Amino acid sequence: HPQFVLECPSDALLFRFNPKQPELVAAACYTGQVVLWDISSAQAQLKSKEQQKKEDEGMREAQVPVVKPLIVSSIETSHRMPVTDLRWLPSSFEVNHKGRIGDSQDSTQVHQLVTVGPDGQMLFWDCRSAKKEIITKPADPVWNPIFEVTMHQIGTSQVRRLSG
């Protein structure tokens with residue numbers, strides 16, 4: 001039986017839990033979009049139901065909680081083909097909006113992830129910018145990558161800076 005269901009705008013091809021904050025789950029979609037969930041409330045709800053179930057001795061049928069996405073990437077700035085891999089970046093470094101790699105200001109947390117797809121794009125995403133979007137535009141937050149590398153053929157690449 002499922003513990004909870006993650007609502008997604010498209011078929012999710014793969015999931016990755018944040019290694020430092022396992023309540024954050026990222027997924028790569030068939031549409032090329034990236035989705036982020038915070039499952040902490042569903043986990044708390046599950047613990048509460050487990051406690052209640054022990055008290056009721058299973059008299060009622062438990063409903064499976066549905067977790068809505070925290071944020072979904074914009075279709076316009078996402079991959080143009082299905083995402084084939086998604087990885088959380090190590091906590092020791094981070095990529096800035098210019099593509100420069102530097103030491104992380106907070107090595108106790110993992111804030112960034114990278115996605116790749118057969119469209120030749122490597123997109124870098126930052127959860128901090130996603131959370132900022134949710135606060136500033138709660139009705140319609142838009143998550144855009146902080147940096148994009150477009151790979152063409154071996155030995156050549158085109159780098160495009162994204163605003164954000």
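The values are calculated or read from the model by the stated rules, or taken from the named source; none is laboratory data. Predicted model only: the values in this text are computed from it and were never measured. All Cβ positions, glycine included, derive from the backbone under ideal geometry; neighbour counts span all protein chains shown. Note: accessible area is taken over every heavy atom of the protein model, side chains too, but ligands, DNA and RNA are not part of it. Shrake-Rupley method; radii C 1.70, N 1.55, O 1.52, S 1.80 Å.
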Selected residue (only one of 45, 33 is modelled with pLDDT of 90 or more and in contact with a Pro (Cβ under 7 Å, 6 or more places away or on another chain)): 33
Test: residue in region 16-34 that is closer than 24 Å to residue 109 by Cβ, crowded, with 16+ Cβ neighbours inside 10 Å, touching a strand residue (DSSP E or B) at 6+ places or on another chain (Cβ under 8 Å) and among the aromatic types (Phe, Trp, Tyr): no
Scan of region 98-115 for residues that are open to solvent by 40 Å² or more (accessible area, probe 1.4 Å) and within 18 Å of the chain's Cα centre (by Cα), ordered by number: 109
Filter pass, residue 87 being in a strand (DSSP E or B), within 30 Å of residue 45 (Cα to Cα) and either open to solvent by 40 Å² or more (accessible area, probe 1.4 Å) or among the small types (Gly, Ala, Ser) (or both): yes
Qualifying residue in region 138-148 (condition: open to solvent by less than 40 Å² (accessible area, probe 1.4 Å), assigned to a loop (DSSP other than H, G, I, E, B) and modelled with pLDDT under 90): yes
Enumeration of residues in region 116-137 that are within 14 Å of the chain's Cα centre (by Cα) and assigned to a strand (DSSP E or B): 116, 123, 124, 125, 126
Long-range neighbours under 7 Å by Cβ, at least six apart or interchain, first residue without any contact (Cβ under 8 Å) to a residue 40 or more places away in the chain within region 66-79, second charged (D, E, K, R) and open to solvent by 20 Å² or more (accessible area, probe 1.4 Å): none
Subset of region 90-115 [part of a loop (DSSP other than H, G, I, E, B) and among the aliphatic types (A, V, I, L, M)]: 110
